[in-house]
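> Quick one: the structure is below, and I'll ask about it shortly.
Read-outs: derived from the displayed coordinates by stated rules, not from any lab. Just so you know, these numbers come straight off a predicted model, no measurement behind them. Counting neighbours? That spans all protein chains shown, and the Cβs are built from the backbone with ideal geometry, glycine included.
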Ligand SMILES: [Fe+2]
């Protein structure tokens, strides 16, 4: 069992991030947790790649703002540099007001702090969002970028045409980075109400295996789910940053850990061959955490038994962690 | 020698296009040796491709008259570009009717391709994709806008593998049982095949 490096006590949040109350007033009471339960277990190693992950965030509802506020608070302890957006970035029409209310305002403190958001498109997103600078898509519906020793691939799972598949194969083949991380809206494996995107899986999974993709993040389901490693690849669904659906995780054999009782987002740190992750609820509870060890091998499908709990999940009522399976 | 290379290239291109139009499954059922069918499919593919290209040419010409859309921090610029482009295309195609691109012959070929997908071994996956994409039931008209705020359905990727490729300005979408050709930047319905999805 690896040792964990740093323990950072979390400080009670303030609501200074609220900007103009004109459109949607801040909640009167702020949900908080006791200091002990707001613990952050991440190594915070020098030069590590630090980011947050959120999906299905663009509702503009009060709870989206509360999740955003948690992200702001956690960034004081874990200074992440960018955010992966897993699609459904703006629900409803893409009006300037919609962008303001559902993106610019809730994440103002992060944007002002220089955090970059890298969006993938969801089924509720107009593809023209790729021209919006705040999403860093540079006019492309799918794209790739490098951070440290990681190559990220943001895909458009709404429209996986042959052109995109060819582009992905070329990009994966030429990716020299240690870590290959793909993210897109529709999960290839899911216990949620929509289920696994099996059609998409028949096309993407062979490429992921052939070129050694390590981790995949998706949204669409309004819950958090960590899937048991599938052929050596780790799949996360984190689609509850704007809305959640209680009781949506169905009984399947896929779930390693899951949370569907409230909204959530993720924090991730990659250092060397280790990827540390936390899933955090709207009120700042750590609902899942762990570390993934990347093995240097050309045959990713041979990987197994890489994951273990990096930190205990203290004091969580059983109903909040559904179907937490024994880890490999 | 030079002409032999040209002929080889031509044959290769032809085979490639035929494969796209027929789809892998169909090729097995309808061998290329059936010369008449192959010629007909090639003709239909070219006809479809020409019609799509003519539309894209119009799209590009009209868009060139607008300030170019570049990545911008101002969503209003994206919205106004989309609206201005849509207005120009709608005016230029005010007489457009269903079937201007999906002619009866092309429609028939598309219906066969779609049937293959939805009745073949991949049918359950393809149907699951449609369900997972939160399907919508809306009335659509040619040269009208796709309703704002309504989610775009997810097209089964294995179906996309078997349909003729499109230039980046347009895409296929499935709405209820209809297959639509949609202008992405202008958010317009270019043409529709009604009752395409069995
Ligand atoms: Fe979605």
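> Cα centroids of the stretch A:122-178 and the stretch B:122-198: how far apart, whole angstrom?
21 Å
> List B:192, B:78 from most exposed to least, where exposure is judged by having the fewest other Cβ atoms within 10 Å.
Values: B:192 20, B:78 23.
With the sparsest Cβ surroundings first, the list reads B:192, B:78.
> Order these by the 10 Å Cβ neighbour count, fewest first: A:177, B:124, A:218, A:191. Don't skip to the end; give the middle numbers.
Numbers: A:177 15, B:124 11, A:218 31, A:191 24.
Ordered by Cβ neighbours within 10 Å, fewest first: B:124, A:177, A:191, A:218.
> Kindly work out what percent of the DSSP beta bridges joining two residues of the stretch A:138-201 are antiparallel, to the nearest 5. The partial results should precede the final answer.
Details: 5 of 10 bridges.
The antiparallel proportion sits near 50 percent.
> Moving on. Shielding of A:257-266 by partners, i.e. mean partner chain Cβ atoms within 10 Å per residue? Walk me through the numbers on the way to the answer.
Working: counts 0, 0, 0, 0, 0, 0, 0, 0, 0, 0.
Partner Cβ neighbours, averaged per residue: 0.
> Let me ask another. Sorted from fewest to most neighbouring beta carbons within 10 Å, what does the list A:243, A:124 look like? Display every interim value, and only then the final one.
Numbers: A:243 18, A:124 23.
If I rank by nearby Cβ atoms, fewest first, I get A:243, A:124.
> Which shape class applies to the stretch B:38-193: rounded if a/c is under 1.5, otherwise prolate when a/b exceeds b/c and oblate if not, where a ≥ b ≥ c are the square roots of the Cα gyration tensor eigenvalues?
Values: a/c = 2.03, a/b = 1.36, b/c = 1.50.
Judged from the Cα gyration tensor, the stretch B:38-193 comes out oblate (a/c at least 1.5, b/c at or above a/b).
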